[in-house]
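A short reminder: the numbers here are calculations on the coordinates, not readings from a lab. On a predicted model such as this, the values are computed, not experimentally measured, just so you know. Because the Cβ atoms are built from the backbone with ideal geometry, glycine has one as well, and the counts that use them run over all protein chains shown.
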Amino acid sequence: MPSEEADAGEPGALAQWAEQALGVRVEAVEPLLAGIGLRRFYRLRLGGDPGSAILRVDAAEDPAGRPLGGAPEPPLEPIRALLERAGLPVPRRYAGDAMLGLELLEDGGSESLCDRFARSGPAPGRRLIERAAALVPRLQRVEDDGSGVAAFTRRLDLALFRYKAELFAGYSLPLALGRAPRQAEADLVRDAFAWIAAHCAEAPVRLAHRDFQSQNLLVHGPGDEPELVMIDLQGAFLAPPEYDLVCLLRDSYLPLDEAFVAAVCERIRPLLPDAPAAAEFGLRFDLLTLTRKGKDHARFLATATRGDTRFLRYLAPTALMLKAAARRSAAVAPPLARLAELVDALPEEPLPCAQ
């Protein structure tokens, strides 16, 4: 068993742990490009069956990635196992050590839905999006089976909306204003997000992946009907039925036109367990877009402050999504109208430092 140093990602210690867990030789440890969080991943080349596996190494979380004062995300198990039993496409688990923060998982390949969308062209890409959206009603039908899945005790609540508001006010609002926001301006963001929280508190809640976007959906296999595999499952929680569809269809990494988004929503909406009425579905879809994409916009900027500027290129499309949602919902309530004025000042062009 490796020491606590394995959690720092030493390839030798990680290989030793994996060999003991699997009983096969590790021939190579290949670091994989990380996402916006600080968790790290390695592809292990194995001298046996399976031929490869993914080693996930937990790490201290980015302060911008956790609600202020909030608890860390739960471990991957048992939510992965619950979804596997429900027949949903998730990686198999070969081994894990909660104390060391290690999970050894099935290798679903290196191609995300985002990657396949970019190289396959609009029509095949849209078919993949439609197949991914069809997973949402299935996920929402998964119920607590008593196996201790933390997702059923966590929900999108006022504290999480406040966290998103603080991020947006702290990182995105200065970009919109060209200066540090005044207290009253930051309070406008907090008031609008609090109004959205109160409105969404009246919605039914269902199990949500929470980050159901194209980089967390792996595409495995060639042809027109490749397999989709959901990853990054540990953040699952209870949320209004529109939440995961917002993550997928308001994805900063995917160029989706409004007609396609509307068509997918109308196809999936009546299939959801709660089958929300069209008008309420549309309103909550926009409200959750404001808070979800507001948080994403802010996190792209926050990530750049630690030297990782990869995500700055997504600020402009994210701003366009925010502006459209803000304009559609501005007439609903005064706090939303005031938020729309602030959002409208976000730059629509890439920053000069965006790569």
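Can you show me the helix-derived [θ] at 222 nm for the chain, built from DSSP H runs with n ≥ 4 at -39,500 (n - 2.57) apiece and divided by the number of residues, rounded to the nearest 500. Let's see the in-between values first.
Numbers: 13 runs with 149 residues, N = 355.
Taken over the chain, the calculation gives -13000 deg cm²/dmol.
Please compute, over every Cα-Cα pair in the stretch 207-330, the percentage with a separation greater than 17 angstrom. List each step's numbers first, then the result.
Details: 4710 of 7626 pairs.
Cα-Cα pairs of the stretch 207-330 separated by over 17 Å account for 62 percent.
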>> I need the peptides 328-338, 288-298 ranked by packing, meaning the mean over residues of other C-beta atoms within 10 angstrom, with the highest value on top.
In response: 288-298, 328-338
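Assign one of three labels to the stretch 138-241, namely rounded, prolate or oblate, based on the Cα gyration tensor with a ≥ b ≥ c the square roots of its eigenvalues; rounded applies when a/c is under 1.5, prolate when it is not and a/b is larger than b/c, and oblate otherwise. Don't skip to the end; give the middle numbers.
On the way: a/c = 3.05, a/b = 1.59, b/c = 1.92.
Here the stretch 138-241 falls in the oblate category.
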> Among 119-128, 193-202, how do they line up from the highest to the lowest mean number of other beta-carbon atoms within 10 Å?
Replying inline: 193-202, 119-128
>> Given bins 10 angstrom wide, list per bin the percent of all Cα-Cα distances in the chain, short to long.
In response: 5, 24, 33, 26, 10, 2, 0
> Does the stretch 90-180 come out rounded, prolate or oblate, given a ≥ b ≥ c as the square roots of the eigenvalues of its C-alpha gyration tensor, rounded meaning a/c under 1.5 and, failing that, prolate meaning a/b above b/c?
Replying inline: oblate
>> What distance in nm separates the two pseudo spin-label positions at Ala201 and Asp274, each 7 Å out from Cα along the beta-carbon direction?
In response: 1.5
> Once both labels are modelled 7 Å past Cα along the beta-carbon direction, what's the Glu30-Ala184 spacing in nm?
Replying inline: 5.8
